[in-house]
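Undergrad: Structure incoming, see below.
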Amino acid sequence: MYKSKNAFNSWLIFSISIISLCFFHNTLLAVPFECFAVSDLIRVFEDGYNCPEPQDSIDIFGMRNEYVSAQCVIKANQDLQNVTVTLSPLKHTTLSTSLPSKTLKWNFVGSIPIEENTPKYRKTDLIRAAPAQFPDFLAEDNEVFMKKGNYKAVYLTIKIPRSTMAGDYKGQVTIKTDKADMSLPLQLRIYPLTLPDERHLMVTEWYTTGYFKKFHDIDASDSQRFYNMLRIYAENMAEHRQNVFRVSLDLITCIKADNGNLKFNFSKFDKWAETFLETGYMDLLETGFVARFGEGGWSSKEILLRDFRVQMESTGKRITIPGKEFLPKFLPALENHLREKGWLEKTVFHIADEPSNHNVMRWRQASEFVHSCAPALRRMDAIETTHCFDRLEIWVPKLDHLATWYNVFKRAQNQGYELWFYTVGIFQKGSYPNKTVDVPLIESRILHWLNYRFGLKGYLHWGFNHWTDDPFAAPGRHRGDGWHIYPKKDGLINSLRWEQMRNGIQDYEYLWMLEDKIRKIKAGLGERLSIIEPSRRGIEIASQVVKTLDIYDKNPDKLYNVKKQIIDELLDLDTTPKIIVQTNPIEHSTVANDCAIDIFGWAEPATKVVVNGRNLPLSDDGLFMENVSLSRDHKIVLEAEHERGKKTIVRSFEVLY
């Protein structure tokens, strides 16, 4: 009897569950579509593959003069016609002000087909196995059709004006279809801080005008249309905080007089450069590339000075002059011209792209020759070797080589050589951040946390617009890494990677702002406080996202929590008691059990400082310095109390037992 009753109860529960599921399923089908928020750092596939957990509101934050982004998703439970989006004004919750409508923008996210994945040692480095459609570009369609069961991402971009009042702003995103409308709350918190216009990270994306005819229907002979399009390129780069641009030496024409003298015309070179400089945000001009590989290309053991084309003044005939004969006359003239234009200090000069150990000795000869002709030109090259001492001012190793030979590159950095890095999709090995469309989108952003974490002053990438014949339908072997934008006849279409790259550069500026604030506090203190390193706190914070060159956190929530921490610490440095705390080793380091941590720093006078329950002596100028043991939960807890306020500062470590 008991078993029979128990069986009946189980059957009843099962039946109710089935009925409930059917009711829930039918209810969903009765709703034409669903709308929910997800992180802007996630690719949302149109077939719903691995779609993240839905959120019922869009909550974002930022500071003045910053671009912030968000994302929501439409899931079609029925076929939907005329799907579009509207954004309401973002209104301040307590003041009668709102963000201008022109600062709010939305785009549907379009996808490109990837037939085979990027070669990776670990499949877990990829977000999905190919073949599949991978979301990447911000489509310009204002209205789409959605088939039942499909998902469509909507990407939001908000430019916060410099003059915006701090506080909370609220609005809504409304999805409109032929079946129904649905709204999602949007809240933006703007902090009382302003992102600087100045760029403190050097960033270059190599572009080409070779596709102007195919994709923009512009011939190079149509000067006005050509330069108008070049200006669109320059402005797009500047809006995404790129501040380094290339100008070809081939724009400089040369005439050889009957007496053998060479006369140079820089007018085209200057006009090209001025097109970028007029954006107001370009800090470096890249030019050069005066040497080439010998037979066999990159694998050649030869690197040779290239030849140059010159026009004879008397006959108009074009002749070729060897680089060894041409450069001693041309380079001093170029150096003088750049000096006259006020561009010399912002010019960087390439010798040859990607020298390696098998040809580096010939590269060194070429670099020495260039330097002897124009000693004021700073040399810069992407390199696949470490043997560049005394021949290169700016070293740009590929990321996997930077990691492999890090000790040598760090030594060069310590000796005063400027260190950047570059990435190149399919030719980059290991689990390092990358930019093909089949790796996590967050990697495009993390690259610039890596810049700050390791003191790398710049980033170079080869592909701004190196498109295939059809980048939308046939992206080819580089899987999107050859471009960050897509073409349209009258301009450019941005990609998710390009937007997140800008966000990462802005994150770098957050860290720089914290460093700058500490630097300014330090400047007002005495010589004894020279032990304070302004960049150390930013490095500690960045290490929560980027631990090593190949160990980094791909969780969007973690990145945003750490970014919020930077804001909190920036604001905290303006409150009493002001205090700077540094440790050796830096926070988040792995240390031995029961070891001593060196804690030091400065607190404003009349502050009482307690560390892990023990009073810490403070000198008259605010200096403190002590060795302390970690608490049982591997922390240092510093409590600072002043008559006008108090605060608690925590530093955490990983412990080896």
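Undergrad: Since Pro135 meets every condition but one in (1) out of contact with any Asp or Glu (no Cβ under 8 Å at 6 or more places or on another chain); (2) modelled with pLDDT of 95 or more; (3) of a type outside the set (A, V, I, L, M), which condition does it not meet?
TA: (1)
Undergrad: Please verify whether segment 136-154 includes one or more residues that are in contact with a Cys (Cβ under 7 Å, 6 or more places away or on another chain), touching a residue at least 60 places away in the same chain (Cβ under 8 Å) and open to solvent by 10 Å² or more (accessible area, probe 1.4 Å).
TA: yes
Undergrad: Now, a different point. State all residues of segment 202-228 that are within 25 Å of the chain's Cα centre (by Cα) and either of a type in the set (S, T, N, Q) or closer than 30 Å to Ile58 by Cα (or both); if no residue qualifies, say none.
TA: Of everything in segment 202-228, those that are within 25 Å of the chain's Cα centre (by Cα) and either of a type in the set (S, T, N, Q) or closer than 30 Å to Ile58 by Cα (or both) turn out to be Thr204, Thr208, Thr209.
Undergrad: I've got another one for you. Please return the ranges of strands (runs of 3 or more DSSP E) entirely within segment 225-299 where 3 or more residues are hydrophobic (A, V, I, L, M, F, W, C).
TA: The strands (runs of 3 or more DSSP E) meeting that bar number zero.
Undergrad: Mind counting the residues in segment 491-531 that are open to solvent by 40 Å² or more (accessible area, probe 1.4 Å), touching a Gly at 6+ places or on another chain (Cβ under 9 Å) and at pLDDT 95 or above?
TA: Total satisfying the criteria: 1.
Undergrad: Filter segment 214-266 down to the residues that are open to solvent by 70 Å² or more (accessible area, probe 1.4 Å) and among the small types (Gly, Ala, Ser), then identify the one that is modelled with the lowest pLDDT.
TA: Here the answer is Ala220.
Undergrad: Among Ile567, Ile636, Ile586, which is the only one that is crowded, with 19+ Cβ neighbours inside 10 Å and outside any strand (DSSP E or B)?
TA: Ile567
Undergrad: Mind counting the residues in segment 428-471 that are in contact with a strand residue (DSSP E or B) (Cβ under 7 Å, 6 or more places away or on another chain), polar (S, T, N, Q) and open to solvent by 10 Å² or more (accessible area, probe 1.4 Å)?
TA: Of the residues in that region, 1 qualify.
Table: residues versus (1) in a helix (DSSP H, G or I); (2) touching a residue at least 60 places away in the same chain (Cβ under 8 Å); (3) in contact with a helix residue (DSSP H, G or I) (Cβ under 7 Å, 6 or more places away or on another chain).
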site: Trp512; (1), (2), (3): yes, yes, no
site: Lys517; (1), (2), (3): yes, no, yes
site: Lys520; (1), (2), (3): yes, no, no
site: Leu525; (1), (2), (3): no, yes, no
site: Arg528; (1), (2), (3): yes, yes, no
site: Gly538; (1), (2), (3): yes, yes, yes
site: Gln544; (1), (2), (3): no, no, yes
site: Leu549; (1), (2), (3): no, yes, yes
site: Lys554; (1), (2), (3): no, yes, yes
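Undergrad: Being under 21 Å from Gln565 (Cβ atoms) and surrounded by 13 or more Cβ atoms within 10 Å (Cβ to Cβ) is the filter here, so list the residues in segment 621-633 that pass it.
TA: Hits for segment 621-633 are Leu630, Ser631.
Undergrad: Quick one: which of Leu344, Leu327 is among the aliphatic types (A, V, I, L, M), open to solvent by 10 Å² or more (accessible area, probe 1.4 Å) and either more than 31 Å from the chain's Cα centre (by Cα) or modelled with pLDDT of 95 or more (or both)?
TA: Leu344
Undergrad: OK, next. Does Arg362 satisfy the criteria of being basic (Lys, Arg) and more than 23 Å from Cys254 (Cβ to Cβ)? Show your work before the answer.
TA: Details: basic (Lys, Arg): yes; more than 23 Å from Cys254 (Cβ to Cβ): yes.
In short, yes.
Undergrad: If you don't mind, another one. Can you work out which of the residues in segment 476-490 that are open to solvent by less than 10 Å² (accessible area, probe 1.4 Å) and assigned to a loop (DSSP other than H, G, I, E, B) is farthest from Val154 (Cα to Cα)?
TA: Filtering segment 476-490 for residues that are open to solvent by less than 10 Å² (accessible area, probe 1.4 Å) and assigned to a loop (DSSP other than H, G, I, E, B), the one farthest from Val154 (Cα to Cα) comes out as Gly482.
Undergrad: Also, I was wondering about something else. Please determine whether any residue of segment 406-420 is open to solvent by less than 10 Å² (accessible area, probe 1.4 Å) and in contact (Cβ under 8 Å) with a residue 40 or more places away in the chain.
TA: Yes, because at least one residue in segment 406-420 is open to solvent by less than 10 Å² (accessible area, probe 1.4 Å) and in contact (Cβ under 8 Å) with a residue 40 or more places away in the chain.
Undergrad: Under 7 Å between Cβ atoms, at least 6 apart or on separate chains: pull out the pairs that start in segment 364-378 with a residue that is farther than 14 Å from Lys324 by Cβ and end on any residue that is open to solvent by 50 Å² or more (accessible area, probe 1.4 Å).
TA: Matching pairs, first to second residue: Arg378/Glu393.
Undergrad: Six or more apart or on different chains, Cβ atoms under 7 Å: show the pairs whose first residue is in segment 53-79 and more than 30 Å from Glu198 (Cα to Cα) and in contact (Cβ under 8 Å) with a residue 40 or more places away in the chain and whose second is open to solvent by 10 Å² or more (accessible area, probe 1.4 Å) and small (Gly, Ala, Ser).
TA: Every condition considered, the pairs that remain are Ala76/Gly149.
Undergrad: If Ile160 passes every condition in (1) within 22 Å of the chain's Cα centre (by Cα); (2) more than 25 Å from Trp449 (Cβ to Cβ); (3) buried (at least 20 other Cβ atoms within 10 Å of the Cβ); (4) of a type in the set (A, V, I, L, M) but one, which one does it miss?
TA: The single condition Ile160 does not satisfy is (2).
One line per residue, one yes/no per condition, for (1) in contact with a strand residue (DSSP E or B) (Cβ under 7 Å, 6 or more places away or on another chain); (2) surrounded by 15 or more Cβ atoms within 10 Å (Cβ to Cβ):
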residue: Phe108; (1), (2): yes, yes
residue: Arg122; (1), (2): no, no
residue: Leu126; (1), (2): no, yes
residue: Gln133; (1), (2): yes, yes
residue: Gln172; (1), (2): yes, yes
residue: Ile175; (1), (2): yes, yes
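Undergrad: Quick check: is even one residue across segment 98-121 part of a loop (DSSP other than H, G, I, E, B) and of a type in the set (Phe, Trp, Tyr)?
TA: yes
The values are calculated or read from the model by the stated rules, or taken from the named source; none is laboratory data. Here the structure is a predicted model, which means the values were calculated and not measured. Ideal geometry is used to build each Cβ from the backbone, glycine not excepted, and the neighbour counts take in all protein chains shown. Accessible surface areas use protein heavy atoms only, side chains included; no ligands, DNA or RNA. Shrake-Rupley method; radii C 1.70, N 1.55, O 1.52, S 1.80 Å.
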